[in-house]
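Some notes on the structure that comes next.
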Amino acid sequence: MPYIFNKRELLDQVKRWEESQLAKSDGSHQHPPSFLSAPRKSSSKLAPLGDGGQEGGPVQLLRNEIGSLTDENTKLRKRIKDLEIKTTSLLSEKQKNAALTVSKF
């Protein structure tokens, strides 16, 4: 169960600890009480990613994602070309209509 102190109590405890450390002049280093020190985090290393020939491994997942993005890219390029063709034909038709309207007057 963690210790619960208000700020004043904690400061008083730190002051008493510091005074006791100063009073000891033998040069030995004393650690502060455990409730005054920050909790230590355990560090664990991550396992390296490797293909390992496993189906569904990280490399295979990346390959699948690259494949789906490539397919999407191809579809978008085709759509752009289709829209460019439609836009060009609409502009061409509009210009013809404008020329016919001007020639009538």
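Numerical summary
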| read-out | value |
| --- | --- |
| Mean Cβ neighbour count within 10 Å, used as a protection proxy, ranking 10-17, 73-80 highest first | 10-17, 73-80 |
| Phi to ³J(HN,Hα) by Karplus 6.51 cos²θ - 1.76 cosθ + 1.60 over region 69-75, Hz, x for Gly, Pro | 5, 5, 4, 4, 4, 4, 4 |
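Every number here is computed from the coordinates shown, using simple stated rules; none is lab data. Keep in mind the model is a prediction, meaning the values are calculated, not measured. Note that each Cβ is placed from the backbone with ideal geometry, even for glycine, and that neighbours are counted across all protein chains shown.
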